[in-house]
Amino acid sequence: MLNKGKFMACLMAAGLLVSGFAVNSYAKARIVLPPPDMVHADDKTVHEIEALYDGLEDALAKKDLDKIMTYYADDYSHNAATKPQLKFLWDTEFGTFEKLYSVHAFTDINVVDNEAAIVCTGTLFGLPKGGKEYVVVDTWAAQPHYLTKKSGSWKIVGGATHWKSEPVNGGFRLEFHPFF
C-alpha cells in the first residue's frame, strides 16, 4: 500500500505524462521532487542530481550510448549486473525501441557527503520500431537509486542489492530495473 506521499508522487508523475510532454532534440528529465521534508540535501546538490538525469535523458533522446554510459560509475552494480552488462541492455533497448524517454517521481532524497540514496517511482517509455503508439518498456515503484559523486560529478552506482520476485497473474517475475 502506498502512503500519501508516494501516492501523490505517482499522481504527479501521471500528470506529467498526461500534460503532453513531447520528446525533443534536447530532452530534459521529467522529475517530480518530493516534499521539502523528504529532501535531505542542499539545493545545489539537488540541482546537480537533476542535471545528471537531464544529461542522461538528453543522451537517451539522441541514442548516444557512449554518453549514457558516462552517467554510471565504473563500479556500477545492480543485482550483480555490471556496467558492461548495462551497456548491452541499453543497446538492446535501442535496437527495439525508438524515442525512449523516462519519468521519475522521487519520494525521498538522502545525501550524506558524496553518497546519495533516492527512492524513485518511474517509467521508461518507448516507441517500438515500426509502431505507432508508445509502450511501457520498464516501470518501477519505490526503488532505491544509489549515486556517488566522483571527480565532481554524480554517477549512478546501482539500485537494488538482491533479486526480488513477486506474483504476477499466477506466475512470478523478477524485478530488475537496472537503468536508473
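Derivation of every value follows stated rules applied to the coordinates shown; laboratory data play no part. What you see is a predicted model, and the numbers here were worked out from it, not measured in a lab. Don't worry about glycine lacking a Cβ; one is built from the backbone with ideal geometry, like all the others, and counts go over all protein chains shown.
Observations
- Dividing the mean sequence gap of close Cα pairs (under 8 Å, 6+ apart) by how many residues segment 27-175 holds gives a relative contact order of 23 percent.
- A straight chain from Thr70 to Thr139 at 0.36 nm per residue would run longer than the Cα-Cα distance by 22.6 nm.
- Sites Met38 and Lys132 - FRET efficiency at Förster radius 35 Å, r taken between beta-carbons, to 0.05: 0.35
- Each Lys or Arg adds one and each Asp or Glu takes one away; over the other residues whose Cβ falls under 14 Å from the Cβ of Lys63, this sums to -2.
- Taken over segment 27-175, lysine pairs spaced eight or more positions apart, or on distinct chains, with alpha carbons under 17 Å apart number 24.
- Ranked by the mean number of other Cβ atoms within 10 Å per residue, highest first, peptides 144-155, 126-137 order as 144-155, 126-137.
- Residues in segment 65-90 that a label on Lys150 would reach, taking backbone N under 11 Å of a point 7 Å out along Cα→Cβ: 70-77, 83
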